[in-house]
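Down below is the structure, laid out as structure tokens.
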Amino acid sequence: MAANLRSILHVLCESDLSSKLPTAVMGVDVRFLDATKPVPADIDILLADIDLKNPVSVEKIRAFRNVAKPDSQIFITVDKGDRQHQRQASALGARKTILKPLSEIGLAIVIEELRTPHRFATNTTKSIIAASARAMREIFEQAAQKEPIDINLIGETGQQLAESVADLGVLDWLDTVRIYHHSTFQHVLLVTGIACAFAQGVGMSSQDIAKLTQAGLLHDIGKIWTPSPILDKTGKLTAEEFAVVKRHPKDGYQRLVNQGDIHPDILDAVLHHHEYLDGSGYPDGLLAHEIKDLTRVLTICDIMGALLEKRPYKEPFSVQEALSVLFSMANQGKVERALVVALAQMFDCEISSFQSPKRDLFDSRNELSPIAT
Ligand SMILES: [Fe+2]
Ligand SMILES: [Fe+2]
């Protein structure tokens, strides 16, 4: 949406700055909301000048986001250089952060941002993501009903996703998926988006980008045979239940082999995306030299995607926390450190800043069960 004369910029301002700010900027009306009340759901453009350390204020933005129109826009103010609050703002759905203290310049930056073509890219991206989610539902249903899987649909979906990730940037792309697609396919879309961005970032060939993207879309197709009470279980898995979960790479691989016409590198990535370099993964307990490059990349993108997601048994990790987990796994010899470094660079994170993760490395459901991906 390009801001026009009919657009109103609503500002949620918790400080007394509102009295010093103008009521119109660049032809757009500025209205100040009552900070003691919830944000109305029908607002198109919200600029939140709130204290991100205050859970009540944060909840107010989250509540708005949950009821807001799909194309509404959120901007949040943060202190200069405060990366933690920048990430928090991003997780709350902010299109862009504006520097505190809020001023007329900050209001003008919001209007300028809305008038840039970027917004059209976001609209396009949203429809591509929605179409991809529908395509994946179709593919999973075909697999479940033993119908032929539409390989062309996988190829086209992968190509569109790769283009939209490149267009929007991985962080905005992931936020769009997380905000609008709380479905079974969120994981698949997140992993594929991360894989696309990684492949583009390290300069892979277009053939490898296509293979990795399609492997991302198909990697967990075997989970259609994993009962949902096990997949969504919040408590500890029994050894028997974990054995059922561990079947999904082979089940998916076998289904795709039966289908035919799928590149061997994609099949290998589907079969071995849970293998670790030290032999502790499954289903074959492969060692480093037996795990192909494309599969190694998919594995770290899969773990990253799983950590960034909200699951029935965990809140989403921040990008920083998720990368800390991957660095810890690299230190244990499970995943390739050079790939994790490249992933961190792709997310624009300082390599030196990674400490041991604060949250448990392993899925709390089962000590036998490394992060369920
Ligand atoms: Fe996965
Ligand atoms: Fe998996």
* **Most mobile listed residue (Ser19, Ser90, Ser127) in the chain, GNM with C-alpha springs under 10 Å** => Ser19
* In a GNM of the chain with a 10 Å cut-off on Cα contacts, which of Pro264, Pro316, Pro249 has the highest mean-square fluctuation? -> Pro264
* Structure fact -> Given the candidates Val188, Thr97, Gln214, the one whose Cα lies deepest towards the positive end of the charge dipole of the chain, counting +1 at each Lys or Arg C-beta and -1 at each Asp or Glu C-beta, is Thr97
* Structure fact -> Using the Kirkwood formula on alpha carbons, the hydrodynamic radius of region 119-353 in angstrom works out to 17.8 Å
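What does the convex hull of the alpha-carbon atoms of region 8-116 project to on average, in nm²?
Values: hull surface 25.1 nm².
About 6.3 nm², averaged over all directions.
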* Report relative contact order for the chain in percent, whole number only (criteria: Cα-Cα under 8 Å, sequence separation at least 6). => 11 percent
* To do: Compute the Rg to Rh ratio over region 74-158 from the alpha carbon atoms, using the Kirkwood formula for Rh, and round to two decimal places.
  => 1.23
* Asked: So what's the Cα pair-distance distribution over region 59-117, bin width 5 Å, in %?
  -> 4, 18, 26, 25, 20, 7, 0
* **Of the DSSP H helices in the chain, those whose Cα atoms cover at least 27 Å axially and whose Kyte score averages 0.0 or more** => none
* From the cross-link list Lys246/Lys314; Lys96/Lys223; Lys69/Lys96, which pairs have alpha carbons spaced over 25 Å apart? -> Lys96/Lys223
* Structure fact -> Two pseudo-spin positions, 7 Å from Cα along C-beta at Glu104 and at Ile151, lie apart in nanometres by 6.3 nm
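Could you work out the helix-only [θ] at 222 nm for the chain, with each DSSP H run of four or more residues adding -39,500 (n - 2.57) and the total divided by the number of residues, to the nearest 500 deg cm²/dmol?
On the way: 15 runs with 189 residues, N = 373.
Helix contribution divided over all residues of the chain: -16000 deg cm²/dmol.
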* Averaged over every viewing direction, what's the projected area of the C-alpha convex hull for region 43-200? Give it in nm², one decimal, please. => 10.4 nm²
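Would you please calculate the Kirkwood hydrodynamic radius of region 231-357 over all C-alpha pairs and express it in Å, rounded to one decimal?
15.7 Å
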* To do: Name all residues of region 137-178 having a backbone nitrogen under 16 Å from the label point set 7 Å from the Cα of His263 along its Cα→Cβ direction, giving them as ranges.
  => 151-163
* Find how much the distance from Gln332 to Gln345 grows on full extension, using 0.36 nm per residue of separation minus their present alpha carbon separation; answer in nm with one decimal. => 2.6 nm
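No lab work stands behind these numbers, since they all come straight from the coordinates. Since this is a predicted model, take the numbers as computed values, not measurements. Note that we place each Cβ from the backbone using ideal geometry, even for glycine, and neighbour counts take in every protein chain shown.
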